[in-house]
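The structure appears right after this line, and notes come after that.
Where a number appears in this text, it was derived from the coordinates with a stated rule and is not lab data. Predicted model, so just to flag it, every value in this text is computed and none were measured. No Cβ is skipped: glycine too gets one built from the backbone with ideal geometry, and neighbour counts run over all protein chains shown.
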Amino acid sequence: MACSPRPTRRLVFDVNDFDETLPAPFDWDVKRLAASFAVAARDNGFPDRDAHTAARLAVYSYRTQMANYAAMRFLKVWYSRIDVDEVTRLFDAVQPKAAVRRRRQDIAKAHRRTSLKAFLKMCDQVEGQYRIRPAHPVIVRFPVELYPGVLEELRSAVALYRETLEEDRREVLRRYYFGDFARKVVGVGSIGTEAFVMLLLGDRVDEPLFLQMKEAQESVLAPFAGASEYKHQGERVVRGQRLTQAAADPFLGWTSGIGTHGSAIKDYYVRQLRDMKGSMSVPLMDPHQLNYYGRLCGWALARAHARTGRATVISGYLGMSEAFDHAVADFAIAYADQNERDYRRLLDAISAGRVLATAGR
């Protein structure tokens, strides 16, 4: 979960990470959420009773909030938001001062995460031109000399991307010109896929726009839930995000191109690299704070699912008892057990030389 901006530039709390988005049973998302809290609790050194409680409260929040959405008119559900300022006021009244101070720091950090901030941090001026500064191994210069046609491919990809945006967003992009681009390593789940960061520059030095192009492959859910109705995997990601997220990136779109290492043309989705996005500091939370965060995440997931128009069906299935909450929390603990077994096997494989690993930050 993460903080994202509304068009009014007010932060909302919402779901994120849509690479695998695909219509599938709702409980898959709920189980994944609960398992994440069980794993996080153990990673923080909490006993299993606290891990179970955090997972159970996340599911409880999902179930009860879904019941609330089921009772609402659909348009009210569609326009509903979890405003960060509202959540902050709610949590400030029930949490210790240290947690309040840390959350305010997280929110302030999200406000500072803008394209201009990224520009000042990531770019140098070279012979009168702004260039993205390499930061190995996370950001590396793209070897243009090895791919003489890549700049033309990039121009075509940008043109295709522009056509996936609303007309007003296209008008905004017309005010920018190409500055530079580079490869950028992203999350663990995306290792092995292509990801680029592209610098666009406006008429003013202090008016940059950073876009990220991220390769989109077929969802890992497809073998179990069926193929997407969208042939373009970038469009699959974008459509899913626009449907379920209250504050989607206004520059979210998709494109194709930039096939490297002799590969075929790839599908990508495009978004802003940084635009007032942030997250909570889970490793610094105590059990009570993790419980509050779990309830907030359960609420956000319920709101996202309710936007698909199925709140009454889901709520009717879950009912009013806590049986579902406890069952999924039990699953989360079992998942955490398996997660630890897998990690130990990885460490054994590294020790035995079957897997090569380099320690470092």
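Please find the FRET efficiency linking Glu86 to Val220, where r is the Cβ-Cβ separation and R0 is fixed at 35 Å, and quote it to the nearest 0.05.
0.50
Could you line up Trp78, Trp299 from fewest to most neighbouring Cβ atoms inside 10 Å?
So the ranking, lowest neighbour count to highest, is Trp78, Trp299.
Label points 7 Å out from Cα along the Cβ direction at Leu284 and Thr308: separation in nm?
Label-label distance for Leu284 and Thr308, simple model: 3.5 nm.
For the pair Val140 and Arg32, what calculated FRET efficiency results from E = 1/(1 + (r/R0)^6), where r is the Cβ-Cβ distance and R0 = 30 Å, to the nearest 0.05?
Result of the calculation: an efficiency of 0.40.
By counting other Cβ atoms within 10 Å of each Cβ, how are Lys76, Lys184 ranked from fewest to most?
With the fewest neighbours first, Lys76, Lys184 line up as Lys76, Lys184.
Contour minus end-to-end for Arg174 and Gln125, with contour as 0.36 nm per residue of separation and end-to-end as the Cα-Cα distance?
Working it through step by step, the gained length comes to 15.3 nm.
If you take every residue apart from Val185 with its C-beta less than 12 Å away from the C-beta of Val185, what net charge results, scoring Lys and Arg +1 and Asp and Glu -1?
+2
As a footprinting exposure proxy, order Phe224, Phe331 by other Cβ within 10 Å, with the fewest listed first.
Going from sparsest to densest Cβ surroundings: Phe224, Phe331.
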